[in-house]
Structures are given as C-alpha cells and as structure tokens.
Amino acid sequence: MPRRDKHNYYLDIADTVLQRGTCLRRNFGAIIVKNDEIISTGYAGAPRKRHNCIDLGYCLRQRLDVPRGQMYEICRSVHAEVNAVISAPRRDMIGATMYLVGREAKDGSIIKNATSCAMCRRVVINAGIDKVIIRDEGDKFRVVDVQLWVDNDDSLMAALPKAGY
C-alpha cells in the first residue's frame, strides 16, 4: 500500500474532525499544523453551553433559505476555523498551515469550491496562519496563500458604490 501524502493525511484528519460538527446544513473540520505537529482542531458547532442545531432540530439559515456565503451572523455555529484558532496560542499559529474540509450534512458529499467565509478569513489572517489547504474532492485540494486574502480585502468591496450611481 503506498504511503499517504502529507497534505491528504492532514486533510483526512480534518475530515474526521468534522464528524463532530452539529450543523444540519454543512459541517467543516479544520486543523492547524506547524512543523508537522497538529496544534489544534476545530469543527462547526454552537458555542459551549448553547443548544446545537441538531439538538433544536432546525437550522435557521436553512429555514430562511439563505444562500451559501450570506448572513453568517444568524448562524448558531462557531465555524471550524474559529474554533481551531481559539484553541491554540497565537505564537504556535504564526507561519502555520490550516487544513479545511467541508461536507454537506444531508448526504455527506464534499462541498465543492469550499472556502472560508469573510469573518473566518479575518480570524485566520490575525492568527498569523500562512496557508489554508482545502479539499475539493477525493484527494484533490487547493492551497490558498493567506496573503491573497490580505491583498484582496473583501471588506473593501462592500464599501464600493454600486454601478450606476
């Protein structure tokens, strides 16, 4: 049996971590790795001591048919990236790599073209993480240089005037 490449090894671990997720819509697992050592893990779930969507039996974003990438402020969950970051000291995250896997809760399929939301991108940037590696399907993945998230500041796009004004 051939030896598993390192990126897919860590992505497999993130995929296992997401199984603890409590979202009825989509579940993500994140791990932070530095110098071949796992620094922390995180999955999507309600803040400690609050009820999870699986306990309540509904997801508000799903009920309201909110499209992917919008209105995360009404989501009950603390996202996987944030949970991984708050579980690790910043000094250990500087220069680290985050591995991220997302799956649809309904059928377990890998989320195509997954990426961190705008709020999680800010958290990852502030943590000092250098790269985010995201599984696209099977053993295929993308490597995102976090500096691109700094340079392409999506928070400035919201402030631009609309065309035609």
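Observations, loosely collected:
- Residue in segment 62-77 that is surrounded by 12 or more Cβ atoms within 10 Å (Cβ to Cβ) and either in contact with a Gly (Cβ under 9 Å, 6 or more places away or on another chain) or within 13 Å of THR41 (Cβ to Cβ) (or both) present: yes
- Condition met for SER87 (open to solvent by 40 Å² or more (accessible area, probe 1.4 Å), at pLDDT 95 or above, closer than 24 Å to ARG48 by Cα and more than 13 Å from the chain's Cα centre (by Cα)): yes
- Count - residues of segment 12-33 that are farther than 16 Å from TYR58 by Cβ and of a type outside the set (Gly, Ala, Ser): 12
- Listed conditions (1) in contact (Cβ under 8 Å) with a residue 24 or more places away in the chain; (2) open to solvent by less than 50 Å² (accessible area, probe 1.4 Å); (3) out of contact with any Ser or Thr (no Cβ under 6 Å at 6 or more places or on another chain) are all met by GLY108, apart from (1).
- Verdict on ILE134 being open to solvent by less than 30 Å² (accessible area, probe 1.4 Å) and not in a strand (DSSP E or B): no
The values are calculated or read from the model by the stated rules, or taken from the named source; none is laboratory data. These numbers were taken from a predicted model, which means no experiment stands behind them. Please note: Cβ atoms are built from the backbone with ideal geometry, for glycine as well, and neighbour counts cover all protein chains shown. Please note that ligands, DNA and RNA were not included when accessible areas were found on the heavy atoms of the full protein model with its side chains. Shrake-Rupley method; radii C 1.70, N 1.55, O 1.52, S 1.80 Å.
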